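> Can you keep this structure in mind? I'll have questions shortly.
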Amino acid sequence: QVQLVESGGGLVQAGGSLRLSCVASGISFRSNAMSWYRQTPGKQRELVALITNNDRTRYGDFVKGRFTISRDNAKNTVYLQMHSLQPEDTAVYYCNARRPENNYWGQGTKVTVSS
């Protein structure tokens, strides 16, 4: 059974930091590209950050150097370190595991940034 379990969301003031974690089970973690997406009501889910199975990274344009994605293959975990959070970063953040034959999502963790 595949599970992606996110944690680390919460309420933070503008300018603050959070670190999100996503622990994967039931997949060959090291062979998956891992991503973080986010979604707000009425909007499409958008890519926040991606890390490939060989540690190449890509970020959404809005990140502007504030976030860092990393992975620990020994712990089947992907992280998203977020700094300088702004109210517009408020969203549900989802973990994604993808390779050509699979595309899995976690249940999401909510991040709320107060002004």
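> Checking residue 101 against (1) on the phi > 0 side of the Ramachandran plot; (2) among the charged types (D, E, K, R); (3) at pLDDT below 95, which test does it fail?
With respect to (1) on the phi > 0 side of the Ramachandran plot; (2) among the charged types (D, E, K, R); (3) at pLDDT below 95, residue 101 is out only on (1).
> Among (1) open to solvent by 50 Å² or more (accessible area, probe 1.4 Å); (2) touching a residue at least 24 places away in the same chain (Cβ under 8 Å); (3) of a type in the set (A, V, I, L, M), which single condition is residue 74 missing?
All conditions pass for residue 74, except number (2).
> Has region 51-61 got at least one residue that is over 16 Å from residue 99 (Cα atoms), open to solvent by less than 60 Å² (accessible area, probe 1.4 Å) and modelled with pLDDT of 95 or more?
Scanning region 51-61 turns up at least one residue that is over 16 Å from residue 99 (Cα atoms), open to solvent by less than 60 Å² (accessible area, probe 1.4 Å) and modelled with pLDDT of 95 or more.
> Considering (1) open to solvent by 60 Å² or more (accessible area, probe 1.4 Å); (2) in contact (Cβ under 8 Å) with a residue 24 or more places away in the chain, say which one residue 68 fails and leave the rest.
With respect to (1) open to solvent by 60 Å² or more (accessible area, probe 1.4 Å); (2) in contact (Cβ under 8 Å) with a residue 24 or more places away in the chain, residue 68 is out only on (2).
> Go through region 18-115 and tell me which strands (runs of 3 or more DSSP E), entirely inside it, have 2 or more residues that are closer than 20 Å to residue 5 by Cβ and hydroxyl-bearing (Ser, Thr, Tyr).
18-25, 33-39, 77-82, 91-99, 109-114
> Moving on. Regarding region 83-90, can at least one residue be identified that is touching a Lys or Arg at 6+ places or on another chain (Cβ under 8 Å) and among the polar types (S, T, N, Q)?
The answer is yes; a qualifying residue exists.
The values are calculated or read from the model by the stated rules, or taken from the named source; none is laboratory data. Since this is a predicted model, take the numbers as computed values, not measurements. Note: ideal-geometry Cβ built from the backbone for every residue, glycine included; neighbour counts use all protein chains shown. For accessibility, only protein heavy atoms count, side chains too; no ligands or nucleic acids. Shrake-Rupley method; radii C 1.70, N 1.55, O 1.52, S 1.80 Å.
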